[in-house]
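Remarks on the structure that follows.
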Amino acid sequence: MKRFIRLAAALVAAVGAWAAEPPKQPPSADVVLEWLRYGNERHAQGKYVYWHQSLDRRREVAGEERPHAIVLTCSDSRVPPELVFDQGIGDLYVVRVAGNVAGEKELGSIEYAAQELGAPLVVVLGHQRCSAVHTAVKGGDMAGHLGAIVASLSPAVARAKELPGDTVDQAIQINVKMTVEQLRTSEPVLAKIATNG
Ligand SMILES: [Zn+2]
């Protein structure tokens, strides 16, 4: 616990410095990932620090945004990334779509944040009991445009059905891994950025 408090204090100091005077170069992806891990730890314990939510912060980022991470996650009402990672205004560039799949528009959004805003880290965040994945596993006729989401999830569902264990749980994890690989190899923008670290 003491170690966590020390780490959290160091993190607060680091992010405080970041908020006071954003460096010209963003922190590395590894550093940002650690920030998010600390934030998620606070979320898990219900001990939010709620930084970057003040009026001053809103004024600070009004003219320019420099988010330190891009998060692709599900539209599910239970996984808002700013709360899951205890981040504030201007910290995360969030792309949300049922099942956290990456179609053309999602890829374009991620490319924009990586290339134009300089966010050094992309997180693909899946979650337990995902109803989008559950729907894709269940199958059947899809009304309206839901079929597009299910079609994007179908490769992960097909692999999951070949594995032992709960098919939905397997598909959720496989979908995240496949989406990460999709982003990592997406030409011409993200693959180049990934190759450069
Ligand atoms: Zn979901």
(message) Per q in 0.11 Å⁻¹, report the Debye log10 I(q)/I(0) for segment 77-172, using one uniform scatterer on each alpha carbon and no solvent.
(response) -0.39
(request) Determine the shape class of the chain: with a ≥ b ≥ c the square roots of the Cα gyration tensor eigenvalues, call it rounded for a/c under 1.5, and otherwise prolate if a/b is greater than b/c, oblate otherwise. (result) prolate
(request) Please state the charge dipole magnitude for segment 26-173, taken about the Cα centre, from unit charges on C-beta atoms (+1 on K and R, -1 on D and E), reported in debye and rounded to the nearest 20. (result) 380 debye
(message) I want to check the label-to-label distance for ALA191 and SER54. Put each point 7 Å from Cα in the C-beta direction and report it in nm to one decimal.
(response) 4.6 nm
(message) Straight-line reach only, C-alpha to C-alpha below 19 angstrom: list the aspartates and glutamates that LYS192 could link to, leaving out same-chain residues fewer than 8 apart.
(response) ASP30, GLU104, GLU106, GLU111, GLU116, GLU181
(request) Order GLU187, GLU34, most accessible first, counting only protein heavy atoms with a 1.4 angstrom probe. (result) GLU187, GLU34
(request) Find how much the distance from SER154 to GLN115 grows on full extension, using 0.36 nm per residue of separation minus their present alpha carbon separation; answer in nm with one decimal. (result) 11.1 nm
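Would you mind checking LYS105/LYS138; LYS105/LYS177; LYS138/LYS161; LYS105/LYS161 for any pair whose Cα atoms are more than 23 angstrom apart? Please list the in-between numbers first.
Values: LYS105/LYS138 26 Å; LYS105/LYS177 19 Å; LYS138/LYS161 11 Å; LYS105/LYS161 28 Å.
From the list (LYS105/LYS138; LYS105/LYS177; LYS138/LYS161; LYS105/LYS161), the Cα-Cα distance tops 23 Å for LYS105/LYS138; LYS105/LYS161.
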(message) Can you give me the C-alpha center-to-center distance between segment 127-164 and segment 30-52, rounded to a whole angstrom?
(response) 30 Å
(message) Which one, ALA113, LEU146, TYR38, is farthest towards the positive end of the dipole of the chain when Lys and Arg carry +1 and Asp and Glu -1 on their Cβ?
(response) TYR38
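The values are calculated or read from the model by the stated rules, or taken from the named source; none is laboratory data. All figures in this text were calculated on a predicted structure; none of them were measured in a lab. All Cβ positions, glycine included, derive from the backbone under ideal geometry; neighbour counts span all protein chains shown. Note: areas computed on protein heavy atoms with side chains; ligands, DNA, RNA excluded. Shrake-Rupley method; radii C 1.70, N 1.55, O 1.52, S 1.80 Å.
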